[in-house]
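Colleague: Below: one structure in structure tokens.
The values are calculated or read from the model by the stated rules, or taken from the named source; none is laboratory data. This one's a predicted model, so the numbers in the text were calculated from it and none came from an experiment. Cβ placement follows ideal geometry from the backbone for every residue including glycine, while neighbour counts extend to all protein chains displayed. These accessible areas exclude ligands, DNA and RNA; they are computed on the full protein's heavy atoms, side chains included. Shrake-Rupley method; radii C 1.70, N 1.55, O 1.52, S 1.80 Å.
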Amino acid sequence: MSELRRAQKSLETVRRAKEMLGTFYRRHERRREGAPLAWCMAGISAELLSAFDLPWEWPENFGTLCAAKQVATRFCEQAEADGFSQDLCSYLRNNLGYVSRALELGATPPEAPGGGMGTPTMLLGSGGLCDPRTKWFQALSSTYLPIPVFHIDPMSPPHDVDPRDPRIAAHYTELLRETVRDQVAFLEEQTGRRLDLGRLRAALANAQEMIALLWEIQELRRAVPCPMGSEDFFTGAVVPLLFMLGEREATEYFRCLRDEVRDRVACSTGVIPGERYRFLWMGIPPWYNLGFFNAVGELGAVFPIETVYYVGAPVEIDLSDPLEALVERSWKRATWIHDWGAEVIPENCSPSGFSAPGTRLIRQWVKDYRLDGAVMHRTRSCRAVSWGQIHIKNQLAEEGVPSLVIESDMADPRSWSQSVIMGQIRGFLGAVEASRREAARA
Amino acid sequence: MALRGLARARALYEARDDRARELKAQGKRIVGYLCYFAPPEILEAAGLVPYRIRGDIRERVTDADQYVEPYGCPFVRNTFDQAVKGRYDFLDGVVMAHSCDSVQRMYGIWTHYRPAAFTHMVNVPHTVTPASERFFHRELGLFKERVEAFAGARIDDRALEASIDLYNRTRELVWQLYQLRKSDPPLLSGAEMLEVLIAGGGLPAAEFEELLREVTAEVRSRRDGPSAKRARLLFYGCINDDVTLIRLVEECSAHVVMDDTCIGARSLLGRVTNGDDPLAGFVRYYFTGFQCPRTYRGTDRSRFDYLIHAARQFQAQGVVLYILSFCDPHKLDLVDVRRYLQDAGLPSLVLEDDYTLTNLESMRTRIQAFVEMVA
Ligand code: SF4
Ligand code: SF4
């Protein structure tokens, strides 16, 4: 366990994230006994929550936090003892195990990081992205916490369906619109308040800015040497993008981050000295060991781009009807993502601000980001994200780019073997170096 | 002499796709499907032959590993491995549904590496709401259009009605056979029943109807039915398209008298309403009322009432829960199902498998102990 380490952040803004993103990091101050509190799944619209001024917490994020604090195993084991299979998503097991233990103790488990999670009054799930999401809050509510559940349920057009065909667009957006409206009705009932359209409009405007800023940051990361690596992306960009989309302070945070990254590019300051290799990161990171990226950095490799929590290009929306704008944004983003190939990244439509890039985009990144290889994290308990990696590996091989698959889990460190994985990384670097020498000789 | 009834069902089951290949040789077009969310009635109405794609539990997954990850539904991986090995080359089309992540993702990989003349995925929402029912209705309309385009002719209303009637007749006949399992001992074993149903998945519906009639007549008058056993069980869980496991349970002195699985009670009993809007009938049958754990149906345990009801109706004393590794939908229902069954006085036994049945002997020991307990 001692080999597992936290990330060393390179960027000053990322180091200041906790202090700059108070809405998120001081959320426990918003908890009021008996007042509405939603546990939410990434994939729903954070802007809607802020339009209702509804305090929220995110079990998936809590999973990453427990992983980083090395207590996820404790909670996962509790869920397993309650009958939940070890195959199941470790975020989910962590969350169910945490709740099970809290109920057993009648109090927040002492090992829970950040004072644990607040007691929810409702569960806001997302039917999109993966099956476990559809079933997670069902199991949570029926086994442990009998509180109301609502799932949004947008669907994504399969890879061989054309989302630009007006009939297809109408078919999918109709469901999207209805599921978002159903969610609003649920929130109105639960909070006893009407949706504040003005607040929603403002949040969506903030989100538009935020998406554009993060997009710019992602473009800036193409520079050589790379100004921002995956360790900073995962520690500094995921929380505001997934859980704070539309919050003003998150937008300002991204502006600050963009400025810093831009300055670095202007001064040719890289994440690591003597950058030798540039790799694509594919998969969810090992949250309990983000220092892994630093360890690979010490061997001369940097990760300028990732396939997860990918923001995608900004799209234009008409904010006059903000609910319709949310539908418009979701669909336009889905279409953009779909354009790049959806054969193994099929979930493209959600009211959130993140997705995953299609095959053709990843192939293009080889040139855009000057990639020497790809490292793919096969997470046993999350097949939704790791299925398709072999296909991408095959596609990258056609571009002459090698890939390394490492195997473990995103939140459950029991499956991480530092010596095996670092051995694989060294071997991979050796192979990349050898083929470089070969190419130079040819 | 040509085989009839149960013997013919067994031969068809063993021969897997021989009949489909014969039909193909006669110029028919065969369309494989993985899940009932894409109603086979529609394919049949277009003059195509629907073929329910099977895995092969005896065959190790090898070639598919070049294209798809090792972790993930082992059944879906196995079917794709069959495809990579050329076993499904007789199919003119492949239709899948977004039944779960595994099938949804496999569709993209399958169509990339093994493209067919006709491929389609039917998208299926995860929750049952008026909006999602409308979506699924439209989705079936699009599916029908694609099938028509491939078949080269419109499916006229009469053809669709006739196809629905035909499928309803087969389901009615299946139900009659199920009824013959209510007696003790049942007139038909669980393994025999499953053989008939799996055989039916590889036949045009009219031929399946004929087979069912033969089997029903034979079983009604048979004297060589199952002998008395110590317990009666219900078999619940993931896709089971091989009779080995049911046979094993029955070797352990328990009758499998009822089931809640895909190739069984979940999709082969009941009727599709045949009215002015046949697609609405499909929505009700294959989505709203379709008891597959991949669909969210609220948090109340009463969502499993149908299971308790089925167990009572068939006087099952316990339930075998057959779960494949990495099956998120089933695994996430497991804790609830077990507790609910327990509260209803029905003990349960979980048999987990990776679609290889390599641990058959340890399963035998556990089944024997379970039978001992419930008997
Ligand atoms: S996408 Fe993966 S990590 Fe996220 S909830 Fe689904 S299974 Fe868990
Ligand atoms: S067994 Fe489970 S994972 Fe496999 S196809 Fe069926 S529902 Fe999907």
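Per-residue answers, yes or no, for (1) assigned to a strand (DSSP E or B); (2) of a type outside the set (A, V, I, L, M):
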site: B:Pro186; (1), (2): no, yes
site: B:Glu214; (1), (2): no, yes
site: B:Ser227; (1), (2): no, yes
site: B:Val249; (1), (2): no, no
site: B:His255; (1), (2): yes, yes
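Colleague: Does B:Val122 satisfy being within 16 Å of ligand 2 (Cβ to nearest atom), more than 8 Å from chain A (Cβ to nearest Cβ), within 16 Å of B:Pro39 (Cα to Cα) and of a type in the set (Val, Ile, Thr)?
Modeller: Considered against the rule, which asks whether it is within 16 Å of ligand 2 (Cβ to nearest atom), more than 8 Å from chain A (Cβ to nearest Cβ), within 16 Å of B:Pro39 (Cα to Cα) and of a type in the set (Val, Ile, Thr), B:Val122 comes out as yes.
Colleague: Residue by residue through the stretch B:306-334, note down the ones that are within 14 Å of chain A (Cβ to nearest Cβ) and either away from ligand 2 (no atom under 16 Å from the Cβ) or in contact with a His (Cβ under 6 Å, 6 or more places away or on another chain) (or both).
Modeller: Of everything in the stretch B:306-334, just one residue is within 14 Å of chain A (Cβ to nearest Cβ) and either away from ligand 2 (no atom under 16 Å from the Cβ) or in contact with a His (Cβ under 6 Å, 6 or more places away or on another chain) (or both), namely B:Ile323.
Colleague: Could you go through the stretch A:166-177 and let me know if any residue there is within 15 Å of ligand 1 (Cβ to nearest atom) and open to solvent by less than 10 Å² (accessible area, probe 1.4 Å).
Modeller: Of all residues in the stretch A:166-177, those within 15 Å of ligand 1 (Cβ to nearest atom) come to none.
So far as the stretch A:166-177 goes, no, none of its residues is within 15 Å of ligand 1 (Cβ to nearest atom) and open to solvent by less than 10 Å² (accessible area, probe 1.4 Å).
Colleague: Report yes if B:Arg284 is crowded, with 21+ Cβ neighbours inside 10 Å and of a type in the set (Lys, Arg), otherwise no. If you could, list the steps in order and put the result at the bottom.
Modeller: Values: crowded, with 21+ Cβ neighbours inside 10 Å: no; of a type in the set (Lys, Arg): yes.
No: the conditions fail for B:Arg284.
Colleague: Sticking with this one: When you scan the stretch A:104-131, how many residues do you find that are closer than 20 Å to A:Trp56 by Cα and outside any loop (DSSP other than H, G, I, E, B)?
Modeller: Adding up the residues that qualify gives 8.
Colleague: Which of the following residues is in a loop (DSSP other than H, G, I, E, B) and of a type in the set (Lys, Arg): B:Arg146, B:Arg105, B:Arg154, B:Arg158? First the steps, then the outcome.
Modeller: Details: B:Arg146 fails: in a loop (DSSP other than H, G, I, E, B); B:Arg105 fails: in a loop (DSSP other than H, G, I, E, B); B:Arg158 fails: in a loop (DSSP other than H, G, I, E, B).
Being in a loop (DSSP other than H, G, I, E, B) and of a type in the set (Lys, Arg) holds for just one of B:Arg146, B:Arg105, B:Arg154, B:Arg158, which is B:Arg154.
Colleague: Output the qualifying pairs, or none if there are none: Cβ atoms under 6 angstrom, residues six or more apart or on different chains, first residue in the stretch B:352-375 and farther than 19 Å from B:Gln317 by Cα, second residue in a helix (DSSP H, G or I).
Modeller: Short answer, once both residue conditions are applied: B:Asp354/B:Pro74; B:Tyr355/B:Pro74; B:Tyr355/B:Phe75; B:Tyr355/B:Asn78; B:Leu357/B:Thr244.
Colleague: Exactly one of (1) within 16 Å of ligand 2 (Cβ to nearest atom); (2) hydrophobic (A, V, I, L, M, F, W, C); (3) open to solvent by 10 Å² or more (accessible area, probe 1.4 Å) is unmet by A:Met20. Its number?
Modeller: Here A:Met20 meets the rest and fails (1).
Colleague: Considering B:Val84, B:Val95, B:Val68, B:Val61, which residue is open to solvent by less than 40 Å² (accessible area, probe 1.4 Å), within 14 Å of chain A (Cβ to nearest Cβ), modelled with pLDDT of 95 or more and away from ligand 2 (no atom under 15 Å from the Cβ)?
Modeller: The unique qualifying residue is B:Val84.
Colleague: Which residue, of B:Phe326, B:Phe304, is within 16 Å of ligand 1 (Cβ to nearest atom) and either farther than 26 Å from B:Ser253 by Cβ or not in a strand (DSSP E or B) (or both)? Reasoning before the result, please.
Modeller: Numbers: B:Phe304 fails: within 16 Å of ligand 1 (Cβ to nearest atom).
Unique residue meeting the criteria: B:Phe326.
Colleague: Specify which of the listed residues (A:Phe75, A:Phe84) is part of a loop (DSSP other than H, G, I, E, B) and open to solvent by less than 10 Å² (accessible area, probe 1.4 Å). Can you show your working first?
Modeller: Working: A:Phe75 fails: part of a loop (DSSP other than H, G, I, E, B).
Going through A:Phe75, A:Phe84 in turn, the sole match is A:Phe84.
Colleague: Pick from the stretch A:139-156 the residues that are surrounded by 23 or more Cβ atoms within 10 Å (Cβ to Cβ) and closer than 16 Å to A:Leu88 by Cβ: which of them is farthest from the other protein chains (Cβ to nearest Cβ)?
Modeller: Here the residue is A:Leu140.
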